[in-house]
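K.L.:
Dropping the structure in here first, questions after.
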Amino acid sequence: MLSRRSLPSLVARSRLRPAVLVGVLTAVFALLLTSPQTAGAAPAAIPSGPPSGTLTTDSLEPGEAYMGVGTQIHEGVEADDGVSTLDTSGTQGIDISHWQGSINWSSVRSAGIQFAWMKATEGTTYTDPRFDTNYPAAHAAGVIRGAYHFARPDVSSGATQANFFASNGGAWSADNLTLPGVLDIEANPYGSSCYGLSTSSMRSWIQDFYNTYKARTGRDVVIYTSPSWWNSCTGSWSGMASQSPLWVAHWTTGSPTLPGGFGVYTVWQYTSTGSVSGVSGNVDRNKFNGSRDRLLALANNTA
């Protein structure tokens, strides 16, 4: 790599005509000014909000997925589908990832938010860069918190990803403020909706994840999904209804449509464009199907 010290010798040795020499020197100086620094470089900035506009399977790099993005990409659903009046009564919560940037959790709690799940992991290698900050900060502010794993059934077994999740934020503790982990299983934001798996293979993958997470933590993993994806990619499988609490993604008012095989929901994600004091920009809003006492029972494994 050229340095400023090499310029005099370059000029002295050059037998180029003046006009050519000027061009060479101009190019050299441009290279020196634009070359990346290898020492003391600042870390890459963490984005403060997810990509805007119409999303496709080319919009995100692996690791950048978040709750609901697969639904937006594959189902062609605009956030909230034009809904302007949302039900913010009852036991309210949010879900977040690194896309929300820095969060003031005291303000979040003061705004009436009682629970929050946050992205911890994706696939077999990615850990969310904000998790280690958000997880203890939410707890300190009195927000009942939990972690979620964005599933990638196309890259490994369910057991492998459940172990990765449990070892990197998805574990559970009986401290009155920690919810069981969540398996975010939705349309593939990077490719084909069902990750190339048949309905029977997808069922086996989910059961494998559930069994491993249960063995590691003693808790039933919560299933986050959309009705359309679940019906299409698992064949409206009823096998998880007796094992996992359901967190349904359906951006609407009134009440949500449930995936086939489930008769009741535990949590409902009713908008992806909500707002909460303490969080910059849009944030997913959720409603727990019950009182705070029932939410605490879920957290404490006494439900």
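The values are calculated or read from the model by the stated rules, or taken from the named source; none is laboratory data. This one's a predicted model, so the numbers in the text were calculated from it and none came from an experiment. Ligands, DNA and RNA are stripped out before the accessible areas are found, and what is left, the full protein with its side chains, is counted by its heavy atoms. Shrake-Rupley method; radii C 1.70, N 1.55, O 1.52, S 1.80 Å.
K.L.:
Using a 1.4 angstrom probe, figure out how much accessible area the range 168-303 has per residue, in square angstrom, rounded to the nearest whole.
P.N.:
36
K.L.:
Rounded to the nearest percent, how much of the accessible area of the range 152-266 (1.4 Å probe, protein heavy atoms only) is carbon and sulfur?
P.N.:
About 47 percent, which is the carbon plus sulfur part of the accessible surface.
K.L.:
Antiparallel as a % of all DSSP beta bridges within the range 144-303, to the nearest 5?
P.N.:
Expressed as a percentage, antiparallel bridges in the range 144-303 total about 30.
K.L.:
For Ile96, enumerate residues with amide H under 5 Å from its amide H, sequence gap 5+ or separate chain, H modeled in the peptide plane.
P.N.:
Trp117, Met118, Lys119
K.L.:
Mind running the shape call on the range 110-153? Use the C-alpha gyration tensor, a ≥ b ≥ c as the square roots of the eigenvalues: rounded below 1.5 for a/c, prolate if a/b tops b/c, oblate otherwise.
P.N.:
Since a/c reaches 1.5 and a/b is larger than b/c, the shape of the range 110-153 is classed as prolate.
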